[in-house]
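J.: Take this structure first; my questions come after.
The values are calculated or read from the model by the stated rules, or taken from the named source; none is laboratory data. None of these values were measured; they are calculated from a predicted model. Ideal geometry is used to build each Cβ from the backbone, glycine not excepted, and the neighbour counts take in all protein chains shown. Surface accessibility is based on the protein's heavy atoms, side chains included, excluding ligands, DNA and RNA. Shrake-Rupley method; radii C 1.70, N 1.55, O 1.52, S 1.80 Å.
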Amino acid sequence: MIKKALIIFIMTFGLIFTACTKNSEAPEEVISTGNPFFSEYNTPFNVPPFDRIKPEHFIPAYERGMEEHKADIEAIINNPEEPSFENTIAALDRSGKLLSEVSRVFSGLSGANTNDELRAIQKEMAPRLAAHNDEINLNSNLFARVKAVYEQRNEKNLTDEQLYLLENLYKRYVRNGAELNDEDQTKLKHINQELSRLSVQFGQNVLAETNDFKLIIESEEDLAGLPESSITGAVEAAREAGLEGQWVFTTQKPSMIPFLQYSEKRDLREKLYRAYTKRGDNDNEHDNKKILSDIIKLRVERANLLGYKTYADYILETRMAGNPQSVYDLLNRIWEASLPVAKSEREEMQAIIDREGGGFKLASWDWWYYAEKLRKEKYQLDDNELRPYFVLSSVRDGAFWVANQLYGLTFEPLDGMPLPHPDAQVFEVKEADGSHCGVLYMDFHPRTSKRAGAWCGTYRSQSRKYGEEIDPVVNLVCNFSRPVGDDPAMLTLEEVKTLFHEFGHGLDNLLSNITYGTTFRSPDFSELPSQIMEHWAMEPEVLKHYAEHYQTGEPIPDNLVEKIVNSKFFNQGFITVEYLAACLLDMKYHTLTEPQYLDLNQFEKNYFEEIGLIPEIVSRYRSTYFSHIIGGYAAGYYGYIWSEVLDSDAFEAFKETNLFDQKTAAAFRRHVLEKNGTADYKTMYVNFRGREPGIEPLLRNRGLQ
Ligand SMILES: [Zn+2]
């Protein structure tokens with residue numbers, strides 16, 4: 001189960017939908033004024049005009065966006081009427097339209113298609129945007145109006161959605177320091193700008209370290225054991241690096257994982273895996289140790305300043321989990337169930353090594369290799385045997401089919417659309433009655449300009465905040481192996497799950513049905529819509545539908561489906577422990593009560609010893625490249641397994657009826673997907689399921705009971 005970062009945008013925004021023909025051309029004034037952010041986009045479905053956006057447009061657009069945002073705020077403050085929901089809360093929701101548009105486009109491009117110019121802009125703008133946000137968050141006149149509306153909230157006949165928005169917006173102001181005195185607000189502003197600067201640096205360092213390392217292989221015998229697809233990929237990586245005639249492997253997962261699974265060269269596996277786990281920890285210009293220590297220290301200071309004991313207390317207050325203790329309760333329970341399973345997996349692998357006369361002790365860089373052997377031995381399942389059935393386009397269409405069966409949606413490829421990158425594909429999503437639902441971009445393959453992982457963002461989110469329906473434009477980004485030679489791109493089982501996972505986030509955004517644009521989504525709930533889709537991906541009935549052999553067109557045979565089903569507990573000890581170690585590390589950092597400098601390597605080492613992590617397993621992320629806890633997942637990486645309690649329990653509702661039960665699907669859509677971010681999490685879930693979730697389905701699914 002690959003863990004993905006969901007891009008969390010600070011601001012939300014919307015555009016008024018204008019119907020344009022697919023081939024409509026930019027009007028004269030766009031060409032003469034140059035900056036496409038300063039006029040109507042005039043594109044089909046009003047998608048961003050990627051073909052006309054140049055790096056030099058961003059800073060002027062950000063600057064004008066901030067000016068306009070400030071003017072919007074001034075207008076709210078200076079409104080002579082008494083503060084009301086409409087003239088204050090709804091007006092705030094509508095404010096800063098241009099800034100939101102620019103931020104979303106920039107965020108999309110800098111994540112998946114960055115370059116030196118964009119990196120420089122990102123560095124320059126991060127502290128300026130943090131300062132801008134603080135100016136608004138800490139504006140006492142504005143807060144006074146929000147508070148006035150908040151205090152009369154029970155007398156105003158507000159809808160449930162309005163009340164939820166008001167209460168949470170008020171809380172957000174308080175949590176951003178609106179009630180601090182001037183001196184503390186100044187301190188807070190300084191901390192925010194520092195945090196923002198350091199976070200950008202951290203991310204850029206991880207990307208640089210990922211791109212810097214190359215395992216260069218010069219002799220064919222060092223390729224022993226590797227499958228053809230992996231070798232062909234390495235030939236192409238070498239060509240790209242100007243090393244014609246050699247083979248290059250990188251620490252990007254599509255290159256590294258097959259190497260770790262299949263390479264018979266133990267020393268080379270070690271070299272590659274070490275390079276991966278040392279990213280950001282090489283005492284060079286891209287070292288992240290001091291940066292992360294500073295970030296954690298500043299976060300404790302920030303939490304303390306706002307009256308919280310720890311950063312985790314601060315973060316979790318607004319999450320479904322509520323507080324650090326309930327997170328630890330869940331993590332510890334699963335940790336205790338999974339650690340013994342991982343240990344017995346280790347023994348099974350050591351037995352293979354001994355039987356083969358290896359004469360060494362299993363190490364972390366051996367795990368994938370012997371796990372693969374074990375998989376073949378125990379389940380007769382080989383990823384290379386599956387791949388021909390998992391052609392990327394068929395898997396994608398399989399995900400579309402599931403959405404069609406559940407919600408009646410259809411997906412039609414669009415031609416002639418502006419694309420964020422030539423690799424991207426774009427679809428129009430329609431409802432069962434043929435009406436427009438939204439636009440979906442998909443961008444599947446790795447490149448050096450793209451950060452690792454897979455994620456789903458939006459170029460525009462659904463709302464009705466300007467009175468008319470605004471349709472979503474969703475962007476799904478992955479890092480799947482490229483097609484090699486004349487063959488189409490083919491996925492591993494894990495990549496299939498990742499595609500369905502991110503597509504689930506896509507559906508969550510596409511099927512959103514809310515009035516205001518300001519939402520309060522929580523990572524420990526928002527992985528429910530994504531992870532539940534992984535269940536459908538692995539159901540025999542669904543596999544039979546989409547998994548077809550790329551040459552013969554034959555559907556996947558029953559014996560392979562059976563093997564997939566039988567192997568679902570395979571390596572679950574490792575997968576769970578590797579992931580939980582990272583969750584626990586995240587919680588450990590963010591439950592520190594005192595600001596302090598940390599020796600990160602020592603801190604990690606001590607902590608993993610304390611919790612009994614076995615040395616054959618390295619935490620899924622080590623500190624110096626744990627990008628999730630820099631982005632929106634600080635004290636939040638646990639969210640995937642918290643959500644898994646929900647998705648495992650929720651999927652049982654389909655299993656109890658049938659996989660595409662229309663009543664259950666409609667309830668899931670209405671109570672979860674449509675409302676996400678605008679209602680209480682537990683209430684949303686109980687409204688769907690009729691009761692609270694239980695942990696048993698999760699433990700059962702992972703074979704941990
Ligand atoms: Zn996700």
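J.: If you take just the helices (runs of 4 or more DSSP H) that sit entirely in the range 38-130, which of them hold at least 2 residues that are aliphatic (A, V, I, L, M) and closer than 28 Å to M417 by Cα?
T.: 58-77, 97-112
J.: Go through (1) over 20 Å from the mean Cα position of the chain (by Cα); (2) at pLDDT below 95 and name the single condition S627 misses.
T.: (1)
J.: Are any residues in the range 680-694 of a type in the set (A, V, I, L, M) and open to solvent by 20 Å² or more (accessible area, probe 1.4 Å), and if so, which ones?
T.: If the condition is that a residue be of a type in the set (A, V, I, L, M) and open to solvent by 20 Å² or more (accessible area, probe 1.4 Å), then V686 is the only one that fits.
J.: Out of (1) open to solvent by less than 30 Å² (accessible area, probe 1.4 Å); (2) touching a residue at least 40 places away in the same chain (Cβ under 8 Å), what's the single condition that is false for R669?
T.: Unmet for R669, out of (1) open to solvent by less than 30 Å² (accessible area, probe 1.4 Å); (2) touching a residue at least 40 places away in the same chain (Cβ under 8 Å): (1).
J.: Tell me which residues, restricted to the range 529-563, are part of a helix (DSSP H, G or I) and β-branched (V, I, T).
T.: Passing the criteria: I532, V542, V561.
J.: Return the total of residues in the range 349-368 being closer than 18 Å to V577 by Cβ and part of a helix (DSSP H, G or I).
T.: 7
J.: Which of the residues spanning the range 75-89 are crowded, with 19+ Cβ neighbours inside 10 Å and closer than 20 Å to N133 by Cα? Full working, then the answer.
T.: Taking the range 75-89 and keeping what is crowded, with 19+ Cβ neighbours inside 10 Å, we get 76, 83, 85, 88-89.
Within the range 75-89, I76, T88, I89 meet the criteria.
J.: Against the conditions (1) more than 16 Å from the chain's Cα centre (by Cα); (2) at pLDDT below 95, where does R451 fall short? Just the number, please.
T.: In the conditions (1) more than 16 Å from the chain's Cα centre (by Cα); (2) at pLDDT below 95, R451 misses (1) alone.
J.: Which is open to solvent by 20 Å² or more (accessible area, probe 1.4 Å), in contact with a helix residue (DSSP H, G or I) (Cβ under 8 Å, 6 or more places away or on another chain) and either away from the ligand (no atom under 16 Å from the Cβ) or assigned to a loop (DSSP other than H, G, I, E, B) (or both), of K655, K675?
T.: Numbers: K655 fails: in contact with a helix residue (DSSP H, G or I) (Cβ under 8 Å, 6 or more places away or on another chain).
None of the other options fit; the residue is K675.
J.: If we keep just the residues of the range 600-618 that are farther than 16 Å from R346 by Cβ and either touching a Cys at 6+ places or on another chain (Cβ under 7 Å) or in contact (Cβ under 8 Å) with a residue 40 or more places away in the chain (or both), which is most open to solvent (accessible area, probe 1.4 Å)?
T.: N601
J.: Here's a follow-up. Are any residues in the range 325-334 open to solvent by less than 20 Å² (accessible area, probe 1.4 Å) and over 22 Å from the mean Cα position of the chain (by Cα), and if so, which ones?
T.: I334
J.: Next question. Pull up the range 444-499, narrow it to residues that are assigned to a helix (DSSP H, G or I) and over 23 Å from T114 (Cα atoms), then point me to the one that is farthest from the ligand (Cβ to nearest atom).
T.: Within the range 444-499, the first condition is being assigned to a helix (DSSP H, G or I), and the residues that meet it are 493-499.
The next check asks that each one be over 23 Å from T114 (Cα atoms); those that pass are 493-497.
On the way: L493: 18, E494: 14, E495: 14, V496: 15, K497: 11 Å.
The qualifying residue farthest from the ligand (Cβ to nearest atom) is L493.
J.: Of the residues S643, S648, S627, only one is polar (S, T, N, Q), in contact with a Pro (Cβ under 7 Å, 6 or more places away or on another chain) and within 16 Å of the ligand (Cβ to nearest atom); which?
T.: The match here is S648.
J.: Working only within the range 389-416, note down all residues that are buried (at least 19 other Cβ atoms within 10 Å of the Cβ) and over 25 Å from the mean Cα position of the chain (by Cα).
T.: The one that is buried (at least 19 other Cβ atoms within 10 Å of the Cβ) and over 25 Å from the mean Cα position of the chain (by Cα): Y389.
J.: Could you please find all residues in the range 428-443 being part of a strand (DSSP E or B) and aliphatic (A, V, I, L, M)?
T.: The answer is V429, V439, L440, M442.
J.: Residues being within 16 Å of the ligand (Cβ to nearest atom) and touching a strand residue (DSSP E or B) at 6+ places or on another chain (Cβ under 6 Å): count how many of those fall in the range 508-539.
T.: 2
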